[in-house]
Amino acid sequence: MTEFSDFASAGRDMAALVLFSGGQDSTTCLGWALERFGRVETVGVDYGQRHQAELVCRGKVLEKMRAMKPLWAERLGEDHMLSLPVLGEVADCALTDERRIAFESSGLPNTFVPGRNLLFFTLAAAIAYRRGARVLVGGMCETDYSGYPDCRDNTLKSLQVTLALGLDAPIILETPLMRLTKAETWELAQRTGGDEFVKLVRDETHTCYMGDHEHHHAWGWGCGECPACRLRAKGWEEWSGSKRF
């Protein structure tokens with residue numbers, strides 16, 4: 001991962017578009033981008049996901065991030081929301097249908113939404129092209145993840161080449177969490193915005209696959225049982241053990 005000081009001078013003259021769902025990973029990535037790029041915009045996608053609570057969280061998180069640092073307020077630009085119901089219609093998975101989360105014969109959990117990240121980055125690239133941004137930022141991770149093939153580093157490197165060729169323009173895909181555990185993602189949030197940012201990520205974001213935003217835990221909101229909650233809780237426990245939270 002590029003350290004803040006190494007990238008600051010180059011990124012200051014660049015614009016970035018962050019895939020921003022309102023969850024822990026994308027919020028951490030948004031803070032990461034705001035420390036680096038001169039202009040940062042966000043894009044969210046409503047594809048009929050069961051965890052609609054994350055979309056509700058988006059506005060509040062953006063508002064609080066603007067108020068957190070004058071530099072972030074200055075750099076944080078327009079938010080784009082896309083409606084993509086067709087993805088929910090064809091996905092046939094536990095994130096878009098009311099069904100029990102389980103593993104399929106392929107070995108993948110049925111929370112895998114086929115083609116989701118490929119579509120998200122393609123649409124984001126079209127927005128970035130018109131908005132004069134050359135950097136796309138996503139919270140994909142190959143370290144602590146469920147085996148989703150469109151989260152793999154090789155998949156996204158290949159997609160970066162395809163998008164640059166298809167648009168005949170330089171496109172860079174940044175995935176700052178790709179090699180991090182969930183505990184290291186909490187640490188990145190702390191290094192990015194300090195204790196205040198960690199508290200925002202903990203108390204304002206939503207990751208739970210079941211859309212449970214009624215039960216609050218030491219690590220944030222969620223059912224506490226779905227894979228997303230368990231991973232978030234495990235990372236918090238590992239990271240916060242030596243912290244004051």
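Here, each number is a calculation from the coordinates, and none is a lab measurement. Since the model is a prediction, treat every value here as computed from it, not as a measurement. Glycine gets a Cβ as well: all are built from the backbone with ideal geometry, and neighbour counts include every protein chain shown.
Distance from the C-alpha centroid of region 24-84 to that of region 140-171: 20 Å, rounded to the whole angstrom. Under a model in which nothing but the beta-carbon of Lys, Arg (+1) and Asp, Glu (-1) is charged, region 145-245 shows a dipole of about 300 debye around its Cα centre. One decimal place: the segment Val86-Asp144 gains 18.0 nm when fully extended, by the rule 0.36 nm per residue minus the C-alpha distance. Rounded to the nearest Hz, the phi-derived 3J(HN,Hα) couplings of region 187-204 under the Karplus curve 6.51 cos²θ - 1.76 cosθ + 1.60 (θ = phi - 60°) are 5, 4, 4, 5, 5, 7, x, x, 4, 4, 5, 4, 5, 5, 4, 5, 9, 10, where x marks glycine and proline. Beyond 20 Å in Cα-Cα separation lie the following of the pairs Lys69/Lys199; Lys60/Lys199; Lys64/Lys234: Lys64/Lys234.
Assuming 0.36 nm per residue, please report the length gained on full extension of the stretch Thr122 to Glu74 beyond their Cα-Cα distance. Can you show the working numbers first?
Details: separation 48, 0.36 × 48 = 17.28 nm, distance 2.71 nm.
Net length gain for the segment: 14.6 nm.
Near Leu173, the amide H atoms lying under 5 Å from its own belong to Leu136; only residues 5 or more places off or on other chains count, and H is placed 1.01 Å from N. The label-point distance for Lys234 and Arg131, in a model that sets each label 7 Å from Cα toward Cβ, rounds to 3.3 nm.
Label sites at Arg191 and Arg12, each approximated as a point 7 angstrom past Cα along Cα to Cβ, lie 2.2 nm apart. Working note: Karplus 6.51/-1.76/1.60 with θ = phi - 60° gives region 25-32 the couplings 5, 5, 5, 4, 5, 5, x, 4 Hz, where Gly and Pro are set to x.
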